[in-house]
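The values are calculated or read from the model by the stated rules, or taken from the named source; none is laboratory data. This is a predicted model, so every value here is computed, not measured. When we count neighbours, we look across all protein chains shown, and the Cβ atoms used for this are built from the backbone with ideal geometry, even at glycine.
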Amino acid sequence: MVTGPVLILLGPPGAGKGTQARLLHERYGLVQLSTGELLRAAVAAGTEAGQKAKVAMEAGALVSDEIVLAILADRLVGPDLGQGIILDGFPRTAAQARALDALLETRGRRIAAAISLEVDDSAMVERISGRSACAACGEGYHDSFKPPRKPGVCDSCGGTAFMRRADDRAALVTSRLTAYHSETEPLIGYYREREVLHAVDAMAEIAAIAGALGQIAQDAIARGGKEWPAAKAGLTGEPN
Ligand code: AMP
């Protein structure tokens with residue numbers, strides 16, 4: 001079970017949650033837990049949960065709380081989470097947020113920071129439909145914004161096979177954005193009330209966003225996952 005700080009990344013599909021979680025992992029050793037990745041692995045493995053999840057994922061809808069919570073609970077007992085975790089794509093519903101709080105509370109823990117990546121919906125379709133990733137190491141790319149330095153060759157591992165997610169087709173992006181606005185966006189208020197919300201402009205450059213998130217992460221690590229002091233609220237990149 002996780003003993004370090006627990007950070008959450010909120011934001012619509014295409015906001016850059018995966019990219020930023022990966023950078024936080026590289027820089028601070030936080031373990032990136034993506035429920036989307038865990039679900040895609042379950043689908044690929046053909047487990048019972050994976051088969052059920054596949055139907056919702058192919059429709060651009062949310063997978064049931066029951067399945068997502070079971071998959072995440074299995075992962076949270078991993079022995080590798082001591083440095084702390086960055087949850088990418090979880091929670092996505094109020095029920096998931098409450099379940100996470102309840103789970104942490106049993107260990108006397110709280111969320112260290114919930115970071116909302118704020119973006120314009122209109123830019124998300126272009127961002128998502130250009131995405132790809134190296135099939136070997138998972139490094140993310142974008143046709144327009146971040147192509148590999150040498151065309152067709154992964155910058156990180158030299159791999160030459162690239163994948164595109166099935167649900168990144170433009171036709172599904174609108175459904176995924178709708179699910180975000182109706183189910184997940186209300187969590188911004190939930191975490192603001194708990195004084196752990198940090199709103200970050202995610203239309204900025206990747207490096208600038210990473211800088212803002214790095215400060216939040218460093219602070220959370222320094223506090224060892226304890227509650228954010230109320231006196232710090234209100235500053236940019238801090239709870240508001
Ligand atoms: P992502 O990789 O985070 O964009 O997730 C891909 C898809 O997996 C989503 O469109 C949902 O169908 C499903 N999914 C991922 N995380 C969750 C979650 N926390 N709750 C419900 N569905 C999820």
| said: I need the full set of residues from region 113-132 which are of a type outside the set (Val, Ile, Thr), at pLDDT 95 or above and buried (at least 20 other Cβ atoms within 10 Å of the Cβ), in order please. | reply: ALA113, ALA114, SER116, LEU117
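Counting only residues that are in contact (Cβ under 8 Å) with a residue 12 or more places away in the chain and either on the phi > 0 side of the Ramachandran plot or crowded, with 20+ Cβ neighbours inside 10 Å (or both), how many does region 44-53 have?
Taking region 44-53 as the starting set, the residues that turn out to be in contact (Cβ under 8 Å) with a residue 12 or more places away in the chain are 49, 52-53.
Going one step further and asking which of them are either on the phi > 0 side of the Ramachandran plot or crowded, with 20+ Cβ neighbours inside 10 Å (or both), we end up with 49, 53.
Selection size over region 44-53: 2.
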| note | The one condition GLY36 fails out of (1) farther than 28 Å from ALA199 by Cα; (2) crowded, with 18+ Cβ neighbours inside 10 Å; (3) small (Gly, Ala, Ser); (4) within 7 Å of the ligand (Cβ to nearest atom) is (1)
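Test of understanding: among ALA171, ALA199, ALA179, which residue is among the hydrophobic types (A, V, I, L, M, F, W, C), part of a strand (DSSP E or B) and either within 16 Å of the ligand (Cβ to nearest atom) or under 20 Å from PHE90 (Cα atoms) (or both)?
Details: ALA171 fails: part of a strand (DSSP E or B); ALA179 fails: part of a strand (DSSP E or B).
After applying the criteria, what remains is ALA199.
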| field | Check on GLY60, at pLDDT below 95 and either under 25 Å from ARG110 (Cβ atoms) or out of contact with any helix residue (DSSP H, G or I) (no Cβ under 7 Å at 6 or more places or on another chain) (or both) | value | no
| task | Tell me which of these TYR190 doesn't satisfy, since it passes every other one: (1) at pLDDT 95 or above; (2) closer than 22 Å to PRO148 by Cα; (3) surrounded by fewer than 18 Cβ atoms within 10 Å (Cβ to Cβ). | result | (2)
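Among what's in region 54-93 and is of a type in the set (Asp, Glu) and surrounded by fewer than 16 Cβ atoms within 10 Å (Cβ to Cβ), pick the residue that is farthest from the ligand (Cβ to nearest atom). Walk me through how you get there before you give the answer.
So in region 54-93, the residues of a type in the set (Asp, Glu) come out as 58, 65-66, 74, 80, 88.
Subsequent filtering for residues that are surrounded by fewer than 16 Cβ atoms within 10 Å (Cβ to Cβ) retains 58, 66, 74, 80.
Details: GLU58: 9, GLU66: 10, ASP74: 14, ASP80: 20 Å.
For region 54-93, the residue satisfying everything is ASP80.
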